[in-house]
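Enquirer: Take a look at the following structure, please.
Nothing in this text is a laboratory measurement; each read-out follows from the coordinates by a stated rule. Quick caveat: nothing in here was measured; it's all calculated off a predicted structure. Neighbour counts run over all protein chains shown; Cβ positions are idealised from the backbone, glycine included.
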Amino acid sequence: MALLLVCLALALAFTFKLVSVTAAVDLALGEARLSYSVGELNGIALSSGALLCVGVLGVLCIVLPLLRLYAGLIFCVAGAVAIALIHQSLLPFDFPALIALMCCLLVVVAGFIGVRGIIVALHRRHVNKYLQQYVPRELVSYYMHNPINSLVGESRDMTIMFCDIKRFTGISERLDPELLPDWLNRFFDVVCAIVVAHGGTIDKYIGDSVMAFWGAPNTSDSHAYDALKAAREIIPAVEKLSESLVSEGLPPIAVGIGLSTGSANVGHLGSKERMTYTVVGDAVNTADRLQRCTGVYDLSLVVNDRMTEQVPEYLFRELDTVHVKGRQRFVRIFQPICHQDDAVPNTHRRLQMHRKAMQFYRRGMWADAEKLFRALGDDTKEHIFYKRYIERIVSIRQTDPSADTSYVVDFTQKIG
């Protein structure tokens, strides 16, 4: 309101200056000016009609801040009509003054539009900041520019991430319930900041687990690469956080991350009472199961075969071919090793040995596979990791050495 009154004062000052100049010109031409004959402001005579027009402008300045944009514009049009009628009735021959008053009205309208624009911008910023605490900021931004036209989801090629705290149940039993929320929130802060920094969308928190996805709401051709880069940054970041927690006398945190690239349906899901923007489908189920595989293989990150196809910039070590709950087809799972540019010759040699051992393993060439797995354990100092393959080979040879699918690990009961 104050801003509009300032605009009005400036406009009126300009108006009376214009009127005084017009009056001087008229007098110089010998014309009589009788319309402004009552009262005087800065040497300029004012009639009751002029004061009434100025009063209409003042009312507009007081009322407009209380109205929305469209209602305010309608009110401005009504004010313009009122000024024109007053001027026509009381000041029928003073056209310069009418033009000046209309200029004042335009200034007030412009000020009103500007003020409303500022108010709307501040309100949108406040709502945006508030909603980002409950809704993914990417989704808020997306719908600010793309209004919801349909609640029907769409199928997309995406990458899903499940990031979980290992052995959380035991930790939650030992940790003071008053300290548990802050301990968890510090973990969520670290993980979510990295996810968002790499273009991911936080879907939800499931107990101690973070579910996120890449490829929606905005489409992305690099969703697999971005997700993998984020996951690889989360691991050392959580390790650093864990060191800080231990120094404070709190339990450490170790994470297990499952990444799955594939087709999923993303959109609004829920009931009439409450909707949520989420993703469902085979890729989501697979990511959840892969996260559980990290505990079986004692690793921090496990990905599916589709990701290895879409991120050729990285080197991967094949872990197994697994059959997980809720999925009929087998899934080949991998461990990311490093970026191609960071690999050294020894890395390529060890991965080549591992691939050869896995080939022997699948073909049932147990002696050759066991020999290579033992050599890899000695070469990489990962005896515990390769001991799993060796123990499985020994078990297979003792039970059914001719089984052609014995390399498939059935995790239906173990991790389902």
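Enquirer: Efficiency by 1/(1 + (r/R0)^6): what FRET value for ARG332 and ASN218, r their Cβ-Cβ distance, R0 = 30 Å, to the nearest 0.05?
Expert: Efficiency computed from Cβ-Cβ geometry: 0.55.
Enquirer: In nm, what is the difference between 0.36 nm times the number of residues separating ASP342 and LYS356 and their Cα-Cα distance?
Expert: This chain segment gains 2.8 nm when fully extended.
Enquirer: Still on this model: What list of ³J(HN,Hα) values in whole Hz, one per residue of region 369-375 in order, does the Karplus curve 6.51 cos²θ - 1.76 cosθ + 1.60 (θ = phi - 60°) give from phi, with Gly and Pro shown as x?
Expert: 5, 5, 4, 5, 5, 5, 5
Enquirer: Do any of LYS240/LYS387; LYS229/LYS356; LYS240/LYS356; LYS240/LYS272; LYS229/LYS272; LYS240/LYS371 go past 32 Å between their Cα atoms, and which?
Expert: Long pairs (Cα-Cα over 32 Å): LYS240/LYS356; LYS240/LYS272; LYS229/LYS272; LYS240/LYS371.
Enquirer: Between LEU269 and ALA84, what is the label-to-label distance in nm when each label sits 7 Å out along the Cα-to-Cβ direction?
Expert: Computed distance between label sites LEU269 and ALA84 equals 5.8 nm.
Enquirer: I've got another one for you. Please work out the C-alpha center-to-center distance from region 326-356 to region 237-261 and express it in whole Å.
Expert: 24
Enquirer: In whole Hz and in residue order, list the ³J(HN,Hα) couplings for region 185-194 that follow from phi through the Karplus curve 6.51 cos²θ - 1.76 cosθ + 1.60, θ = phi - 60°; x for Gly and Pro.
Expert: Once θ is set to phi - 60°, the couplings for region 185-194 become 5, 5, 5, 4, 4, 5, 5, 5, 4, 6 Hz.
Enquirer: Could I ask something else about it? Quick check: from the Cα gyration tensor, does region 215-274 come out rounded (a/c under 1.5), prolate or oblate?
Expert: oblate
Enquirer: Further, regarding this structure: Report the Cα centroid-to-centroid distance between region 268-313 and region 151-201 in angstrom, as an integer.
Expert: With region 268-313 and region 151-201 each reduced to a Cα centre, they are spaced 13 Å.
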